[in-house]
Each structure stands twice: as structure tokens, then as C-alpha cells.
Amino acid sequence: MDSVEVPQYFFTCPISLQIMTDPVTTITGITYDRENIERWLLVDDHPMCPVTKQPLPRDSGLTPNHTLRRLIQAWCVVNASRGVERIPAPRAPVDGPGIRKLVHGLSVPRLQLDSLNLIAALARENESNRRCMLQYGVSGAMVDVINACTERKQMDRIDVALGVLHSLRVAPDDLKPIVAGDPRIIDSMTWILQHGAGDDRDVRSTAALVLKSVIEAADSRVLEQLKPDFFQAVLSLVRDPISQQGTKAALQVLLHAAAWGRNRIKIVEAGGVKEIVELELTAPDKRTTELNLGLLNQLCASADGRAELVGNAAGIATVSKRILRVSSLADDQGVRILSSLCRYSATTEVLQEMMSLGAVSKLCLVLQANCSSSVKEKARWVLRLHSAVWKDSPCLHAYLPSRYT
């Protein structure tokens with residue numbers, strides 16, 4: 001295949017630069033592969049033609065280019081001996097009656113697996129199919145399947161249903177009534193995270209991504225009733241990372257849930273502070289660090305959270321090290337954490353530890369760095385608050401007394 005010259009201008013999609021398998025022509029006269037242009041319009045939300053830059057409404061029609069598809073198919077046949085595979089004929093888009101029939105099949109035991117696999121195959125094909133599925137209640141049906149299969153411990157079917165639910169990218173407003181109507185999905189996701197091990201690690205990774213959407217759609221009543229084993233299950237994804245996406249999704253779940261005070265205590269009791277600090281010691285990417293510091297900031301709003309961070313040998317050092325090294329958001333969260341410790345947990349030992357570990361020096365550097373005025377003001381407030389303790393330090397003797405005493 002590498003030695004075959006592809007007619008670039010005619011056969012390749014302007015978006016992916018790959019051979020088109022289902023060419024469709026837009027109202028601007030440009031032909032694209034269906035999957036790519038649907039994603040461009042419906043998922044990425046770009047209301048213009050990628051080539052001409054002319055307006056291209058989301059609901060504009062896409063006309064199948066049968067002539068071009070036959071030409072591509074003929075070219076594939078001619079070059080079959082050189083490793084070129086024949087493109088499959090595109091399936092007709094699904095319609096409402098077809099989706100309703102498949103959804104009904106999910107409730108019939110002997111038809112459930114076949115219906116589930118067919119829904120998954122159709123969801124993978126293109127954005128039009130996924131939009132149709134959302135319109136005819138497939139997302140709610142997948143939640144029902146997950147709950148039922150969790151009770152029967154059918155992990156293979158759970159895996160397929162999670163994949164469909166994730167691929168549908170259900171909007172929070174559409175997911176809210178589903179979660180509110182059957183909050184058992186939280187218990188089901190907890191069980192999946194607890195029991196998805198070994199060959200089921202991919203299931204746990206997808207479950208984390210779906211759980212993020214579920215928690216973001218959950219109302220306060222559901223969030224206030226989250227159980228300790230839920231947080232232990234989510235933290236297992238932090239302790240035993242499966243994928244970067246899975247870890248970030250788990251952190252976002254915890255961060256969203258931590259907006260409720262009781263949940264902060266549950267996270268701390270489940271070992272959250274320790275797990276987050278240990279994750280940060282692995283030097284993760286920028287976004288993970290921002291999530292870690294954001295969650296630590298939330299947990300430090302509670303006395304137990306502050307006590308855990310102060311009691312962790314690497315806690316203060318890890319937070320101060322990240323300030324001025326990652327991003328402006330990390331700077332803000334890091335300074336907020338140190339501010340909480342200095343306001344509510346400022347024992348002599350803590351203040352001396354901050355001095356010896358370089359946290360105080362880092363706060364001084366914040367005042368000289370290109371940080372936001374709010375971050376500088378918070379750092380300045382902390383330095384003023386404990387200047388009597390810190391001003392005698394040799395490294396700060398010339399800096400603090402003249403400015404903050």
C-alpha cells in the first residue's frame with residue numbers, strides 16, 4: 001500500500017487526508033468523508049466549510065457522492081494485488097423505527113446481547129447514527145442495561161453498554177433526568193470500578209469517563225448521598241492508574257463531589273490526600289497537576305484535610321514546588337493551599353516546616369513573578385500574617401522586615 005500513489009485531490013478527504021469510504025458533498029460543493037464532516041459540524045461545532053470557509057449550517061444536507069464512491073471502489077479493486085483493501089459499502093443511516101426496535105430488543109433476554117452489539121456497531125459508524133440514538137432514548141436504555149447487568153455481574157455486556165454511552169457524548173442537561181430518575185447508576189459504577197480488574201481494566205477506564213458525565217449531571221440530592229465506598233472506588237483509579245484519561249476523569253469526579261462539605265471528609269477518610277500527593281510525586285502532566293492542586297485546595301477547606309496534608313512528609317514540599325512551575329491556575333491553587341494552612345493550621349512546627357522546605361521563599365518569589373494580582377495579594381497576606389515568625393530567618397532577613405512588618 002505504501003508504494004501505491006493515491007489520487008490525492010479526488011479520493012482523499014480534505015479534513016483527514018485519508019481515502020474516503022463514504023463521500024458526501026456539502027452545499028458548498030466540496031466533498032468530504034461523512035464521518036469527518038459530521039464530526040466537524042456536529043461535535044466540533046464549526047458552522048463553516050473547512051475548505052471554502054463559507055457558512056455551513058449544522059442542519060445543512062449532505063448528499064452522497066455515489067459516482068466518486070464507485071470510482072474509489074474501482075481504484076481499490078485495480079490495486080488490490082498491491083495491498084489496497086476494498087472499501088465497504090456504506091450502510092443506510094439508522095432511523096427512528098429501527099432504533100426503537102433495537103431498544104426493545106434490549107429488554108428481551110434472548111435478544112439483548114445481539115441488540116447491544118448492533119447498537120454499538122451503529123454508534124461507531126457516524127455522528128448521524130449517534131444523534132438519532134440520542135433522540136430515541138438509547139442513552140437511558142444503556143443506563144438500564146448497565147444497572148441490570150451489574151446485578152447479574154455480566155461484565156462483558158457492561159463493557160459494551162459503557163462504550164455506547166461514552167460514544168454518545170450525552171449533554172449534561174439530557175443526562176440529568178436519567179440520573180435523577182434512577183440514581184442506582186452511581187452504585188452500579190461503584191461496583192464496576194471495584195470489580196473491573198485484570199482483563200476488565202479497559203472497562204474501568206471507560207467507566208471513569210462515563211462516571212465523570214454522570215456526576216456532573218447529578219443533582220445535589222444525589223451528590224450529598226454518595227457513600228464512602230464510592231470514593232474508595234474512585235480513588236483506586238488514582239492509586240492504580242489505568243490511563244491518563246481515566247485518572248483525570250477520576251480527579252474531576254472527586255473535584256466535583258468535593259464541592260459538598262461532607263464529601264470532602266469522606267474523601268479525606270478514604271485516603272484522598274495521601275493518594276493525590278503520591279500521584280503528584282510522579283511528576284504528571286500539566287492538567288493532572290492542576291486537578292491535583294484544585295482537589296487539595298478543596299480538601300484543605302476541612303480541618304481533617306489540612307491535618308492530613310501537614311502530616312504527610314511530602315505534602316507541603318510538593319505543593320510549594322509546583323508553584324511557578326506549571327501554570328497560572330496551579331499557582332493560584334498552590335498559594336490558596338498554603339494560605340489555608342497558614343490561616344487555620346499555623347502551629348510553630350508547620351511554620352518552621354514551611355520555612356525549611358522553601359514554601360516561604362516561594363511565596364516571596366510569587367511577588368516578583370508575573371502572577372495575577374489576586375495571587376500576589378494572597379501571597380502578600382500570608383507573609384504579613386506570620387512575618388514575626390519568619391523575619392528572623394537568614395534567607396529572608398533582608399526582605400521581609402522592610403516590606404511586611
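Where a number appears in this text, it was derived from the coordinates with a stated rule and is not lab data. What you see is a predicted model, and the numbers here were worked out from it, not measured in a lab. When we count neighbours, we look across all protein chains shown, and the Cβ atoms used for this are built from the backbone with ideal geometry, even at glycine.
Note on the chain: with charges restricted to the Cβ of Lys and Arg (+1) and Asp and Glu (-1), its dipole about the Cα centre is near 720 debye. Loop-located GluC sites (Glu not before Pro) in the range 28-128 (DSSP state not H, G, I, E or B) with no more than 15 neighbouring Cβ atoms inside 10 Å: GLU85.
Principal semi-axes of the equivalent ellipsoid, √(5λ) from the alpha carbon gyration tensor of the chain, are 51, 28, 18 Å from largest down. Taking every alpha-carbon pair under 8 Å whose residues sit at least 6 apart, the range 95-222 reaches a relative contact order of 23 percent. Taking a straight Cα-Cα cut-off under 19 Å and skipping sequence neighbours fewer than 8 places away in the same chain, the aspartates and glutamates within cross-link reach of LYS227 are GLU151, ASP182, ASP187, GLU216, ASP219, GLU269, GLU275, ASP304. Among 93-103, 288-298, 50-60, 179-189, the peptide with the highest mean count of other Cβ atoms within 10 Å heads the list, and the full ranking is 288-298, 179-189, 93-103, 50-60.
Relative to the longest principal axis of the Cα atoms of the chain, the long axis of helix 328-344 lies at roughly 40 degrees. Here the peptides 142-154, 369-381 are ranked by packing, the mean other Cβ count within 10 Å, and the order with the highest first is 142-154, 369-381. Legend: P(r) of the range 95-222 from all alpha carbon pair distances, 5 Å bins from 0, whole percents, reading 2, 11, 24, 24, 21, 13, 4, 1. Roughly what angle does helix 138-151 make with the longest principal axis of the chain, taking Cα atoms, 0 to 90 degrees, to the nearest 10? Result, in degrees: 70. Once the dipole of the chain is set up with Lys and Arg at +1 and Asp and Glu at -1 on Cβ about the Cα centre, which of HIS195, CYS300, SER81 lies farthest towards its positive end? Final value for the positive-end residue is CYS300.
Couplings for the range 365-380, taken from phi via the Karplus curve 6.51 cos²θ - 1.76 cosθ + 1.60 with θ = phi - 60°, read 5, 4, 5, 9, 8, 8, 9, 5, 5, 5, 5, 4, 5, 5, 5, 5 Hz in order; Gly and Pro are left as x. Considering only the Cα atoms of the range 8-82, their convex hull presents on average a projected area of 4.9 nm².
Taking each of LYS266/LYS321; LYS53/LYS212; LYS212/LYS376 in turn, the alpha-carbon distance tops 31 angstrom for LYS53/LYS212; LYS212/LYS376.
Estimated from the Cβ-Cβ distance and a Förster radius of 41 angstrom, the FRET efficiency linking ARG110 and ASN312 is about 0.15.
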